[in-house]
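Right, one structure below, let's go through it.
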Amino acid sequence: MSSTEQARWFVLGGDHLVLLDERGQIPQGPRACLPAHLHSAHFESFDEWDGLPCYLLDLGPDAESPPLAGLRQLMVAGDEEGFRLAGRAWQLATFRRTHRFCGECGAPMTPKAREWAQMCRHGHVVYPRISPCIIVAVRKGPAILLAAHRRHYQAEDPMYTVLAGFVEAGENLEQCVAREVFEESGIRVCNVRYVASQPWPFPHSLMMGFTADYQSGEIKVQDDELVAADFFEADQLPRLPPHGTIARRLIEQSLAEKW
């Protein structure tokens with residue numbers, strides 16, 4: 001690439017951190033728009049955005065400079081494409097970080113030419129990991145099932161969201177929806193309906209969103225996952241996930257449906 005080439009620059013570091021410009025966006029322009037010490041760094045092409053190439057540089061897990069911002073900042077700001085591509089860049093960087101050695105023979109791995117993959121000297125090739133997850137909004141009449149998750153619980157003004165979980169080996173998505181809802185809340189569901197999906201780079205999930213209807217059961221939370229759960233109507237909602245998340249989309253779509 002030339003020093004004057006117009007591009008989008010994805011500089012990553014630490015834990016889900018990304019370099020943003022003074023407007024809070026992914027830097028765009030020639031290399032000169034980046035901090036001086038990055039002008040000679042080795043970037044890799046990984047995508048394009050509105051006709052401009054996207055280049056990736058991972059400064060590593062201990063990177064502290066230049067000042068980096070949390071990846072979620074792009075989502076909260078409503079920069080959907082910036083968040084999507086930064087998430088893709090992060091997943092590729094995570095893949096490189098976590099696949100330095102072959103899981104089959106233990107030999108060092110190196111990038112494979114012409115594709116995002118790692119290969120050892122014996123020819124074993126691995127590709128970026130994607131972990132399928134379900135996320136589901138459960139309706140009971142005019143109310144929706146929301147829970148405060150233990151992993152990001154705040155005692156003051158806790159955020160409530162829909163239930164989610166990883167797909168297990170040998171089960172389909174609808175079975176995963178029913179299992180996760182029952183395990184976490186004690187609720188049985190029916191009429192499981194697919195809505196949409198969203199890549200989720202924390203660290204390498206693909207969230208597949210559903211709505212479902214309450215069938216039976218009383219709420220009994222899984223203590224190691226949830227702090228609390230309840231059914232909420234539209235005029236009594238707690239603090240919700242930010243716009244731009246599939247969780248917020250499922251909540252709003254579910255509450256908008258006639259019952």
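The values are calculated or read from the model by the stated rules, or taken from the named source; none is laboratory data. Treat the numbers as computed from the prediction; the structure is a model and nothing was measured. Every residue, glycine as well, gets a Cβ built from its backbone with ideal geometry; the counts of neighbours run over all protein chains shown. Just so you know, the surface numbers come from the protein's heavy atoms only, side chains and all, with ligands and any DNA or RNA stripped out. Shrake-Rupley method; radii C 1.70, N 1.55, O 1.52, S 1.80 Å.
None of D47, D62 is open to solvent by 30 Å² or more (accessible area, probe 1.4 Å), under 24 Å from P132 (Cβ atoms), among the charged types (D, E, K, R) and touching a residue at least 40 places away in the same chain (Cβ under 8 Å) except D47. Out of curiosity, is E171 open to solvent by 30 Å² or more (accessible area, probe 1.4 Å) and assigned to a loop (DSSP other than H, G, I, E, B)? Yes; evaluated as a whole, the condition is true for this residue.
For (1) open to solvent by 70 Å² or more (accessible area, probe 1.4 Å); (2) in contact (Cβ under 8 Å) with a residue 40 or more places away in the chain, each residue gets a yes or a no:
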site: V11; (1), (2): no, yes
site: D15; (1), (2): yes, yes
site: L20; (1), (2): no, yes
site: G29; (1), (2): no, no
site: A36; (1), (2): yes, no
site: Y55; (1), (2): no, yes
site: G70; (1), (2): no, yes
site: E80; (1), (2): yes, yes
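Here the condition is being open to solvent by less than 40 Å² (accessible area, probe 1.4 Å) and either out of contact with any Leu (no Cβ under 9 Å at 6 or more places or on another chain) or in the same structural domain as H42 (by the TED database) (or both); of A164, A148, A155, it holds for A164 alone. From the list D224, D235, the one residue that fits, being under 24 Å from the mean Cα position of the chain (by Cα), open to solvent by 70 Å² or more (accessible area, probe 1.4 Å), farther than 15 Å from C133 by Cβ and at pLDDT below 95, is D224.
For the structure I just gave you, tell me whether K112 is open to solvent by 50 Å² or more (accessible area, probe 1.4 Å), assigned by the TED database to the domain that holds Q175 and of a type outside the set (S, T, Y). The answer is no for K112. Of all positions in the range 86-106, at least one carries a residue that is open to solvent by less than 60 Å² (accessible area, probe 1.4 Å), touching a helix residue (DSSP H, G or I) at 6+ places or on another chain (Cβ under 7 Å) and not aromatic (F, W, Y).
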